[in-house]
Amino acid sequence: MTTQITKDINIAATALQSGKVVAIPTETVYGLAGIIYNQEAIKDIYRIKERPLENPLIVHTHSAEIFPEIAVDIPEAAYKLAEAFWPGPLTILLKKNTVIPDNVTSGLDTVAVRVPSHPVTISLLRELKQPVAAPSANPFGRISPTSARHVLDYFDGRISCILDGGACSIGIESTILGFEEGFPVVYRQGAVTAAQIKDVTGNVTVKTASTNTPKAPGMYPRHYSPRTPLVVTDDIQKALAGFRGLNTVIIGYSKMCRDLIAEKKIVLPESGNFEEAAAKLYGTLHYADSINTDIIIAEKFPEKGLGSAINDRLIRASKK
Ligand code: AMP
Ligand code: MG
């Protein structure tokens, strides 16, 4: 199979409608999409990604109008959150309607749904009139893709087409939120922060893989990993001293990192804002992994705003 990179929505729509798996751009990361009602396409997503079957997929649609089709007993807060953050990087877990095939939700009684904020994919979803299921377009456990090129590097010859929507503007996966006894719980941190959610719902609990035993399926402590070992540190100079003699690459953001004289160093972000750091994070990890070093040393970000989500990804990338 030749993998076509295209900007033409109709080509992607036709491929999806004929049951194929297509890579699509979103503002978070690229996804590997199939129409949710097509059993073969959903099976192919798991096969191509080598994703464990117990790790459910996020349903992507173009508007919150989908709620009654896919879910039941929808809390009022879900509507409020959709109103506040969609289109955008917030995935909401709801009690599933029976029409949702079990292989999309790994047999769970919940369904995950989100409206991505990417003009190309929103147009595609409008054209399709059916939702797609789309996990990130990377082999299981590897770094998520934030460009069409990353997807091609992973899946050339294995998927029919990649819809090219440019570099992902947010660059890390969506925030995942569910409800426990009616109360909102964040299971994965992302660009929509717990503080922003609290402003809408009045309360929120955070239970993520890096801070807590995960309740959400698929929240493995290890994830998003480069092949090169990665260590996360508060003190880049100390870590560097500890690995003297090894060929290292440093990723950091602080003044200490900027001032450091090192052969291989990537300063993240140049402008000092965390939005930019998140957008560049996976591209930087892909690059750091490609330049043949013994170890990647990454500096921990301050635990505030997007810094928490970035640290979550770095810590999970560092697990063996
Ligand atoms: P991703 O790999 O970025 O597509 O994220 C998928 C993650 O969303 C899964 O690993 C789960 O943690 C969560 N998720 C997806 N669907 C469900 C569901 N039906 N119930 C609970 N969590 C879900
Ligand atoms: Mg993923």
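From the set of residues in the range 140-175 that are out of contact with any Leu (no Cβ under 7 Å at 6 or more places or on another chain) and within 12 Å of ligand 1 (Cβ to nearest atom), which is modelled with the highest pLDDT?
Pro145
For the range 255-276, give me each residue that is out of contact with any helix residue (DSSP H, G or I) (no Cβ under 6 Å at 6 or more places or on another chain), modelled with pLDDT of 90 or more and within 17 Å of Lys304 (Cα to Cα).
Answer for the range 255-276, where residues must be out of contact with any helix residue (DSSP H, G or I) (no Cβ under 6 Å at 6 or more places or on another chain), modelled with pLDDT of 90 or more and within 17 Å of Lys304 (Cα to Cα): Glu275, Glu276.
Check the range 33-41 and report whether any residue there is at pLDDT 95 or above, surrounded by fewer than 21 Cβ atoms within 10 Å (Cβ to Cβ) and either of a type in the set (Phe, Trp, Tyr) or touching a His at 6+ places or on another chain (Cβ under 8 Å) (or both).
So far as the range 33-41 goes, yes, one or more of its residues are at pLDDT 95 or above, surrounded by fewer than 21 Cβ atoms within 10 Å (Cβ to Cβ) and either of a type in the set (Phe, Trp, Tyr) or touching a His at 6+ places or on another chain (Cβ under 8 Å) (or both).
Which condition breaks for Gln17 when tested against (1) away from ligand 1 (no atom under 14 Å from the Cβ); (2) in contact (Cβ under 8 Å) with a residue 40 or more places away in the chain; (3) in contact with a strand residue (DSSP E or B) (Cβ under 6 Å, 6 or more places away or on another chain)?
All conditions are met except number (3).
Residue-wise test of (1) closer than 17 Å to Ile58 by Cβ; (2) not basic (Lys, Arg).
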position	(1), (2)
Thr121	yes, yes
Leu128	yes, yes
Ala134	yes, yes
Asn138	yes, yes
Gly141	no, yes
Arg149	no, no
Asp156	no, yes
Cys161	no, yes
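Quick one: in the range 219-236, which of the residues that are away from ligand 2 (no atom under 16 Å from the Cβ) and surrounded by 14 or more Cβ atoms within 10 Å (Cβ to Cβ) is farthest from the chain's Cα centre (by Cα)?
Ile236
Within 15 Å of ligand 2 (Cβ to nearest atom), in contact (Cβ under 8 Å) with a residue 24 or more places away in the chain, out of contact with any helix residue (DSSP H, G or I) (no Cβ under 6 Å at 6 or more places or on another chain) and over 21 Å from Thr28 (Cα atoms): is that true of Ser136 in this structure?
No: the conditions fail for Ser136.
Of all residues in the range 1-35 being assigned to a loop (DSSP other than H, G, I, E, B) and more than 19 Å from the chain's Cα centre (by Cα), which is farthest from Ala278 (Cα to Cα)?
Only one residue tops the list, namely Ser18.
If we keep just the residues of the range 59-112 that are among the charged types (D, E, K, R) and within 18 Å of Val185 (Cβ to Cβ), which is surrounded by the most Cβ atoms within 10 Å (Cβ to Cβ)?
Among residues in the range 59-112 that are among the charged types (D, E, K, R) and within 18 Å of Val185 (Cβ to Cβ), the one surrounded by the most Cβ atoms within 10 Å (Cβ to Cβ) is Lys96.
Looking at the range 88-139 only, could you name the residues that are more than 10 Å from ligand 1 (Cβ to nearest atom), part of a helix (DSSP H, G or I) and hydrophobic (A, V, I, L, M, F, W, C)?
Val120, Ile122, Leu124, Leu125, Leu128
Of the residues Pro101, Pro75, Pro89, which is in contact with a Phe, Trp or Tyr (Cβ under 6 Å, 6 or more places away or on another chain), at pLDDT 95 or above and not charged (D, E, K, R)?
On inspection, the qualifying residue turns out to be Pro75.
Pull up the range 37-74, narrow it to residues that are of a type in the set (Gly, Ala, Ser) and not in a strand (DSSP E or B), then point me to the one that is nearest to Glu27 (Cα to Cα).
Selected residue: Ser63.
The values are calculated or read from the model by the stated rules, or taken from the named source; none is laboratory data. From a predicted model like this one, the values you see are computed outputs, not experimental measurements. Cβ coordinates were reconstructed from backbone atoms using ideal geometry, including for glycine residues, and neighbour counts include every protein chain displayed.
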